[in-house]
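Here is the structure we will look at.
Just so it is clear, none of the values below were taken in a lab; they were calculated from the coordinates. As the structure is a computational prediction, the values presented were derived from the model and not from experiment. Positions of Cβ are backbone-derived with ideal geometry, glycine not excepted, and every protein chain shown enters the neighbour counts.
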Amino acid sequence: MDIKKAAVDLMPGFLVRTFAAPYVAGKGLESGVRRAEQLQRELGLHSTVDLLGEEVFRREDVEATVQLYFRMIAAQKDMPYTSISLKPTQLGIHESEAYCRENIRKIVAQAAAHNLHITVDMEDRHFTDVTLRMFKAVRAEFDNVGIVLQSRLFRTPADIQDLNDRPCKVRICIGIYTEPAEVAHTDKSVMKEKLFEQVGQLLDLGHYPEIATHDEALIRRCMAYLDQRGCGRRAYEYQMLLGVPRTALQKEIVARGEVMRIYLPFAEEWKYAIHYLKRRLAGNPMMAAYVLGNLFRS
């Protein structure tokens with residue numbers, strides 16, 4: 001068993017909630033909207049608002065989730081600096097691909113009416129093929145939808161190549177899901193190198209890379225590369241998680257005229273926030289260090 005993951009799993013929920021709360025906007029949609037407004041007003045940051053909660057199995061819960069996404073769209077319709085992320089496991093994939101695809105399509109269509117962008121999140125490798133199929137089907141009809149790809153997976157360069165029929169926004173990240181060595185890189189330094197390479201591949205094929213990392217050296221390497229290529233400041237963007245202390249770097253990115261977007265999760269129920277935080281802690285030892293720092297400063 002992964003010792004790090006086991007330690008996080010044993011951490012009481014109240015402790016996670018208390019000391020890792022900076023990584024979640026709060027409980028309820030309004031908490032996400034308020035934080036997005038604050039980040040834009042005070043720091044010039046964009047946001048992608050994310051509803052926490054996965055593995056929704058009952059149809060009535062899926063339908064309620066779809067309605068909540070409609071409420072998110074209504075709340076953000078006059079906030080052009082925001083977008084919305086969604087997950088197939090929230091939207092009926094456990095019932096059928098067709099049902100989930102139609103739910104995603106309805107949400108994207110509603111968002112298109114208000115010029116809001118939707119990102120279809122990528123979950124673990126078991127969902128990669130079906131997520132890409134659903135995304136491509138919806139993307140064939142709508143321009144306001146993008147996808148997430150993970151540099152740790154061996155398949156990602158081929159998946160990027162397969163997107164080329166319609167250029168789109170692509171969040172390129174290492175990925176939070178631990179995958180076996182037969183399908184994924186296991187060395188973080190290799191994952192970061194692949195991410196850098198894939199930023200170039202995305203640009204070469206006309207896509208809009210959303211460079212999602214907190215690694216300052218990697219970000220500066222991307223900055224130098226993008227400057228050398230002569231890319232326009234609105235041909236790509238950077239993304240980071242809420243709560244990770246990179247304020248100075250974020251301000252620098254904004255001052256350069258580039259988009260700096262914060263992944264901004266909120267929860268309708270705290271149990272979903274705790275699950276999210278535990279997974280982030282298990283996957284990111286630096287985040288665990290920040291949480292421990294919060295604990296000892298309290």
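Could you sort the peptides 243-256, 101-114 by per-residue average Cβ neighbour count (10 Å cutoff), highest mean leading?
Per-residue Cβ counts within 10 Å, averaged per peptide and sorted highest first, yield 101-114, 243-256.
With a point put 7 Å past each Cα toward its Cβ, work out how far ALA248 is from ALA224 in nm, to one decimal.
Here the modelled spin labels are 1.9 nm apart.
Once phi is turned into θ = phi - 60°, what whole-Hz ³J(HN,Hα) does the Karplus curve with 6.51, -1.76 and 1.60 give for every residue of segment 258-265, x standing for Gly and Pro?
Ordered by residue, 3J(HN,Hα) equals 9, 7, 10, 10, 9, 6, 10, x Hz.
Based on a Kirkwood Rh over C-alpha pairs, give the Stokes-Einstein translational diffusion coefficient of segment 167-219 at 20 °C and viscosity 1.002 mPa s in µm²/s.
Roughly 181 µm²/s, to the nearest whole number.
In whole Hz and in residue order, list the ³J(HN,Hα) couplings for segment 33-46 that follow from phi through the Karplus curve 6.51 cos²θ - 1.76 cosθ + 1.60, θ = phi - 60°; x for Gly and Pro.
Running phi through 6.51 cos²θ - 1.76 cosθ + 1.60 with θ = phi - 60° gives 5, 4, 5, 4, 4, 5, 4, 5, 5, 8, 10, x, 8, 8 Hz.
Highest mean first, what order results for 174-187, 79-92 on Cβ atoms within 10 Å?
79-92, 174-187
Just to compare against my own numbers: the Cα pair-distance distribution for segment 27-137, 10 Å bins, whole % per bin, please.
Over segment 27-137, the share of Cα pairs per 10 Å bin runs 14, 46, 31, 9, 0 percent.
What is the gain in length, in nm to one decimal, between ASP204 and SER96 on full extension, counting 0.36 nm per residue of separation less the C-alpha to C-alpha distance?
35.4 nm
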